[in-house]
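Written below as structure tokens is the structure these notes are about.
None of the figures in this text is laboratory data; all of them are computed from the coordinates on show. All values reported here derive from a predicted model rather than from experimental measurement. Please note: Cβ atoms are built from the backbone with ideal geometry, for glycine as well, and neighbour counts cover all protein chains shown.
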Amino acid sequence: MRNARARFSLRCGCCGDGNSAPAGTGISRRSFLASSAAATAGVLGASALGSIAQVRAQTGPAPAERRIIDVHHHISPPKYLAETKAEQVPPTINWSAQKSIEDMDRGGVATSITSITTPGVWVGDGDQAVRLARECNDYAARLVQDHPGRFGMFASLPLPEIDKSLREIEYALDTLKADGIGLLTSFGDKWLGDPAFDPVMDELNRRKAVVYTHPSTANCCRNLIPSVQPAIVEFGTDTTRAIASLLYRGRAKKYPDIKFIFSHAGGTMPFLVERFIRLPPKEELPGGSMEAALKSFHYDIAQSSHPIPLGALVKLVSPAQIVFGTDFPFRTSAEHAKSLVDFGFKPEELRAIDRENVAKLLPKYRV
């Protein structure tokens, strides 16, 4: 290496333009740099590769290598936004498909499965809900078509309009080829386990559908503390109520073929799990126990990649039941991707959460 240094010593920046190779070598600077890199690699050999491997083990794979599937990614179709703007906030008002793609690229997200966030399509008018559900679903399908491989879709339903929701399930899954159905955790003062929704659940169970759920705020619990936004307390609580309603009203057992994804690490449920276990329902539970039933659901990590909620979740379920989510445009994919690495998941666990668990639910994403 000493001889190589003697022969290929570059001039300093003060002696010429810095773009030339040493005088008399007869080679370009680019060729010189390539030769120097090759010589260095030959000397460092396995030791350099070992150092690179150690750094990779500490920092995790580069974003482009992750090929993440984001199951919690919101869009704002223009016509939907125009009719619900009074209910919306700046992140959804300012959303665009280009912003989604840019964020995905920064965080290593290959595909985002889109959905409509709270308040959903039903804001008190059944006919409007039917119209908005169709508009949102058609828009999401166009997004899938216009950006091959980058987007999937969870279709909206005009609940609590039961018959019209059944028609929209047929249209969304059969015509638009939606990946699944997106439901709010509650509608008015009824949660997902309410018997009023049985016709819809019957159909989703028959189809073995993936059902992604997003929290809302029930009529009972709006503006309880005026200075506290619903997203701070009520969203996590409403998710827990939805889970409880399915379990304690026997619907989780009745509809075993619905594959539920609950947002935000299951809301407050992981912190209340001891009460769930100690006070089980009289109805039979999937798997024969409360713990088995809770472990049969999937949970995304959107806005729950902090070590405390994530730590509680992994104490309850294995990484095989955890899927990646961001809550874009409210949060970014890069921060969630980094948080999973920082948490200390093993490489095989990270691959499962990033992509493989969703691919098991939706085989089209196995490629």
* **Percentage relative contact order, region 63-365, counting C-alpha pairs under 8 Å, at least six apart** => 19
* Sequence-distant residues sharing a close amide H with LYS259 (under 5 Å, placed H) -> ALA209, VAL210, VAL211
* To do: Give me the distance between the Cα centres of region 108-148 and region 239-265, rounded to whole Å.
  => 23
* Asked: Considering amide H positions built from the backbone, and no H for Pro or chain starts, which residues 5 or more places from GLY188, or on another chain, come under 5 Å of its amide H?
  -> ASN219
* Asked: So for the pair LYS190, ARG106, with labels modelled 7 Å out along Cα→Cβ, what separation do we get in nm?
  -> 4.1
* For ALA320 and ASP174, what is the calculated FRET efficiency with R₀ set at 30 Å and r taken between the beta-carbons, to the nearest 0.05? -> 0.50
* To do: In nm, give the distance between the simple-model label positions of SER339 and ASP125, each being 7 Å from the Cα along the Cα-to-Cβ direction.
  => 3.7
* Please turn the phi angles of region 65-81 into ³J(HN,Hα) values with the Karplus equation 6.51 cos²θ - 1.76 cosθ + 1.60 (θ = phi - 60°), one per residue in order, whole Hz, x for glycine and proline. => 8, 6, 6, 6, 10, 9, 8, 10, 9, 9, 10, 10, x, x, 5, 4, 5
* Using amide H atoms built 1.01 Å from N in the peptide plane, name the residues 5+ places from HIS72, or on other chains, whose amide H lies under 5 Å from its own. => ILE113, THR326, ASP327
* Asked: So which of LYS164/LYS282; LYS253/LYS346; LYS79/LYS164; LYS254/LYS360; LYS79/LYS295; LYS259/LYS364 end up more than 27 Å apart by C-alpha?
  -> LYS164/LYS282; LYS253/LYS346; LYS79/LYS295
